[in-house]
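The values are calculated or read from the model by the stated rules, or taken from the named source; none is laboratory data. Treat the numbers as computed from the prediction; the structure is a model and nothing was measured. When the accessible area is computed, the model is the full protein with side chains, heavy atoms only, and any ligands, DNA or RNA have been set aside. Shrake-Rupley method; radii C 1.70, N 1.55, O 1.52, S 1.80 Å.
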Amino acid sequence: TYTAERRLRLCELAFSGNDQVRVNDVELRGPRYTVETLEHLRRQHPEEKFAWVMGSDQLAELHRWKGFP
């Protein structure tokens, strides 16, 4: 399992050179649920479209996430 900082760095490397993608570290600044992070980002940047990158290890637990339909 990678640390949050390591996963952030891997995302930065994966998307480097792609000027249509900006990696954000908002979840490293405090404990948050994903649904709260998305609400925060939508309020801060209503004109933007967001894509979520997550590890496959979370897929099996996705139905347990707060706010998951």
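Summary of computed values
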{"read-out": "Accessible area of the chain belonging to carbon and sulfur atoms, whole % at 1.4 Å probe", "value": "50 percent"}
{"read-out": "Prolate/oblate/rounded label for the chain (Cα gyration tensor, a/c 1.5)", "value": "oblate"}
{"read-out": "CD proxy at 222 nm, helix term only [per DSSP H run n ≥ 4: -39500 (n - 2.57); per residue of the chain; nearest 500]", "value": "-10000 deg cm²/dmol"}
{"read-out": "From phi via Karplus (6.51, -1.76, 1.60), per-residue ³J(HN,Hα) for segment 19-24 in Hz, x at Gly/Pro", "value": "6, 8, 10, 10, 7, 10"}
{"read-out": "Karplus-derived 3J(HN,Hα), 6.51/-1.76/1.60, for each residue of segment 43-51, Hz, glycine and proline x", "value": "5, 6, 9, x, 7, 8, 9, 10, 10"}
{"read-out": "Whole-Hz couplings from phi, Karplus 6.51/-1.76/1.60, listed for segment 33-40; x for Gly and Pro", "value": "8, 4, 4, 6, 4, 5, 4, 4"}
{"read-out": "Contact order normalised by residue count of the chain, Cα under 8 Å, 6+ apart, percent", "value": "27 percent"}
{"read-out": "Stretchable slack from Phe68 to Ser56, in nm (0.36 nm times residue separation minus alpha-carbon distance)", "value": "2.7 nm"}
{"read-out": "Average accessible surface area per residue within the chain, 1.4 Å rolling probe, Å²", "value": "89 Å²"}
